[in-house]
1. Where the centre of each part is set by its Cα atoms, how far does region 250-314 sit from region 43-68, in angstrom?
2. With runs of 4+ DSSP H residues as the only contributors, calculate the mean residue ellipticity of the chain at 222 nm using -39,500 (n - 2.57) per run, divided by the residue total and rounded to the nearest 500.
3. Using the Cα centre as the reference, give the magnitude of the dipole from point charges on the C-beta atoms of region 128-216 (Lys, Arg: +1; Asp, Glu: -1; all else neutral), rounded to the nearest 20 debye.
4. May I ask for the equivalent-ellipsoid semi-axes of the chain, computed as the square root of five times each C-alpha gyration tensor eigenvalue and listed largest first in whole Å?
5. Using the heavy atoms of the protein chains alone and a 1.4 angstrom probe, what is the accessible area of region 87-138 per residue in square angstrom?
6. Out of Ser229, Gln160, Val125, whose Cα points farthest toward the positive end of the dipole of region 122-238 (charges: +1 Lys, Arg; -1 Asp, Glu; placed on Cβ)?
7. Mind giving me the nanometre distance, one decimal, between the label points for Ala77 and Ile145, set 7 Å out from Cα along Cα→Cβ?
8. What distance in nm separates the simple spin-label points at Ser273 and Arg254, each placed 7 Å from Cα in the Cβ direction?
Amino acid sequence: MRKRFLIAFALTLSAATVMLTALSASAAPPAAIPTVTPGWVTGLQGGSGSTVGPDGALYVPEPAAGRISRVDPKSGAVTTFASGLPTQVIPLGGVMDVAFIGETAYALVTLVGDPLIGGDDIDGVYRVDGPNSFTVVADIGAFAIANPPDADIFLVTGVQYAMEPFRGGFLVTDGHHNRVYRVALDGAVSELLQLGNVVPTGLAARGNTVYMAEAGPLPHAPANGKVVSFEPGSSSTTQVAAGAPLLVDVEFGRGRDLFALSQGVHTVGDAGSPADANTGSLVTVNGDGTFTSIATGIDRPTSLEVIGTSAYVVTLTGQIWRIDNISSPPFGK
């Protein structure tokens with residue numbers, strides 16, 4: 001009798017546990033909806049690349065001012081990290097990106113020494129030695145002039161867009177010469193990839209694989225806005241996803257989450273001109289090679305960083321937009 005009672009009690013308890021588990025699952029709160037804060041930071045003198053420094057803060061170039069600013073990712077407080085870098089000669093170029101190797105910061109500077117537009121500074125990678133002091137590490141412009149691509153170009157030094165630390169040096173994209181350069185800290189510059197007219201932009205590395213955004217040629221059709229991947233030694237890239245116009249950056253989030261940044265629809269202007277205002281978007285890369293929009297209506301974004309579940313989007317107009325509660329299916333699943 002006692003044995004039958006214990007068995008019945010155990011079965012009842014098991015059924016109750018299953019019911020509570022089901023109720024708990026059905027009552028679980030829905031996934032958080034992304035929240036967008038336009039102009040979370042304003043007043044920057046232009047906006048281009050970005051990085052997360054060793055201290056966890058954002059570092060953002062201000063190309064019109066020849067400055068790199070540090071931005072607290074919690075409060076949005078802006079302080080000057082380094083100033084005195086070459087400023088823009090035209091409304092494009094100057095300090096385009098920033099990256100760290102260890103505790104040392106490096107800046108990517110472009111379009112400050114091309115013969116067509118003037119300027120007598122060096123297009124290349126600069127090491128930040130102090131708040132107002134720099135050393136040119138690599139002269140990419142000189143390499144480009146000495147080794148021109150077999151393509152229709154008019155800026156002989158190229159338009160370097162983004163840099164990514166990789167194997168003790170940097171990978172650098174050139175959206176005009178359609179190249180990926182390898183830059184060593186001893187100043188050596190070499191061509192890693194020569195591409196077709198795809199307009200390579202932002203970079204992200206994961207292990208031995210490099211992911212790259214492509215804006216695509218004019219008119220920057222969505223089908224030509226791609227994320228591709230390659231490994232050192234490859235002579236070509238592999239398409240990962242396509243379908244967002246004028247992609248300018250790619251970035252990993254938590255785990256295998258992979259995000260891309262679309263500057264938006266381009267209906268006015270020549271090559272190198274920005275997208276239409278307020279048409280940019282943050283998208284996530286799906287495992288089937290498509291994109292899903294997370295946030296839209298972003299005004300001419302240029303660069304993306306992800307910290308935790310928040311995205312920080314730098315815009316051409318000198319703003320940083322903050323997008324919280326981002327999430328995506330793990331890339332590749």
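The values are calculated or read from the model by the stated rules, or taken from the named source; none is laboratory data. Owing to the predicted nature of the structure, the values given are computational and were not obtained by experimental measurement. Please note: Cβ atoms are built from the backbone with ideal geometry, for glycine as well, and neighbour counts cover all protein chains shown. Remember, those area values only see protein heavy atoms, side chains included, never the ligands or the DNA or RNA. Shrake-Rupley method; radii C 1.70, N 1.55, O 1.52, S 1.80 Å.
1. Using only Cα atoms, the two centres lie 18 Å from each other.
2. Calculated at 222 nm, the ellipticity per residue is -3000 deg cm²/dmol.
3. Result for region 128-216 is approximately 240 debye, rounded to the nearest 20.
4. Working through the eigenvalues yields semi-axes of 43, 21, 19 Å.
5. 40
6. Of the listed residues, the answer is Ser229.
7. Taking the two extended label points, one gets 4.4 nm.
8. Each label point is offset 7 Å from its Cα along the Cβ direction, giving 4.2 nm.
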